[in-house]
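Heads up: the structure comes next, in structure tokens.
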Amino acid sequence: MKDFWNNRVVVITGASSGIGLALLENLSRYPCEIFALARRANDIEDPPSKHPACKIIRIGVDLQDTSSVLDALAILHSHTSGGVDVLFNNAGITAHGRFDELSLEVYRKTFATNFFGPIQLIQGLLGGLKKAKGVVVTTSTVSALYGVPGRAAYSSSKSALHAAMESMRIELKEEGVRSSLVCVPYTETNLRKSGLDVKGNVLDEGQAKAKLKTPKEVAFLLMKVAKDKEARLVTFDFSGSFMKWMRNLAPGILEKILYKKLYHDFH
Ligand SMILES: NC(=O)c1ccc[n+]([C@@H]2O[C@H](COP(=O)([O-])OP(=O)(O)OC[C@H]3O[C@@H](n4cnc5c(N)ncnc54)[C@H](OP(=O)(O)O)[C@@H]3O)[C@@H](O)[C@H]2O)c1
């Protein structure tokens, strides 16, 4: 049976862990070509459910390092002359800490991974995306919808990415390139382990005390969004739509709720 994913060329950043790894596992059930990017790309194993005709190409890349991104682009260009159908712009790190304590270095590292690296990669893949009339699906966060306390660096890096992706969507509409942003709520991954503390050390925190989504659930939504020509800013559940609407309707009430709910995150 013909499926949307059959014979597609798909790039996934952050494919070594969490949501990106779940995307890789889900997509590898189809006869498609997957470029799996991460610093630890070589550690990515073939999923047990992999379709025999699915091809996985692992590319080691550090999004914080412009020359590493250029090297990854050179490999991608040599394999994707037919175009790129879907780029899951998924890799990212979090950073925890109060605005008055976060070092500038933490902002730089967070923006390097969540903003500058992805922008460089997307720009480099535009030729392939234009050729295939492809789509960029960005894994974003509800924390991009308002400056969340204790998350100034993370929130700002992701909301900056929103603005760039929205500009791109309008500018490249005529050439058939789409861009969708998916604001994901708390999900059970390594994000809080691998993130940064106020000084730029590894965070190594446990999971959030909240109802957590599974990486698989999120990966399914991201795949659905890739097929939806009208998807722009997608919120996963009430937490996202609440932030989205309250920002304009009643920001004062929203700030009181964020202050109370996340008090322990910034005190
Ligand atoms: N988990 C949540 O609660 C949650 C909520 C909202 C949004 N998100 C977003 O979901 C996305 C995926 O995160 P996750 O939750 O799946 O966390 P994760 O398990 O920590 O995965 C993060 C991925 O990003 C890659 N990565 C990190 N720094 C990188 C760098 N410098 N260069 C290249 N790749 C890098 C990691 O690979 P390597 O370490 O191998 O490089 C890893 O594959 C992120 O953009 C995050 O902001 C997560």
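Carbon-plus-sulfur fraction of the accessible area of the chain, 1.4 Å probe, in percent?
On the way: 7200 of 13210 Å².
Whole-percent figure for carbon plus sulfur exposure: 55.
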Among the lysines, which have Cα under 20 Å from the Cα of Lys244 when same-chain residues fewer than 8 positions away are ignored? Lys158, Lys211, Lys213, Lys256, Lys260, Lys261
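So what is the relative contact order of the chain, in percent, for Cα pairs below 8 Å that sit 6 or more residues apart? Let's see the in-between values first.
Numbers: 521 pairs, mean separation 50.6, N = 267.
RCO, the chain: 19 percent.
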Got the relative contact order for region 149-208 handy, in percent, Cα pairs under 8 Å and 6 or more residues apart? 19
What is the Cα coordinate range of the chain on the first, second and third principal axes, sorted by size from largest, in whole angstrom? 51, 37, 34
Suppose each label sits 7 Å from its Cα in the direction of the beta carbon; what would the Lys227-Ala210 distance come out to in nanometres? 2.8
Separation between Cα centres of region 27-73 and region 155-183, rounded to whole Å: 23
Taking r as the C-beta separation of Asn190 and Lys261 and R0 as 25 Å, the FRET efficiency to the nearest 0.05 is 0.60
Mind checking the per residue accessible area of the chain for me, 1.4 Å probe, whole number of Å²? 49
Sorted by average packing, counted as other Cβ atoms within 10 angstrom per residue and highest first, what order do 96-107, 184-195 take? 184-195, 96-107
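The values are calculated or read from the model by the stated rules, or taken from the named source; none is laboratory data. Because the structure is a prediction, the values reported are computed rather than measured. Glycine gets a Cβ as well: all are built from the backbone with ideal geometry, and neighbour counts include every protein chain shown. In case anyone asks, the SASA skips ligands and DNA or RNA and just uses the protein heavy atoms, side chains included. Shrake-Rupley method; radii C 1.70, N 1.55, O 1.52, S 1.80 Å.
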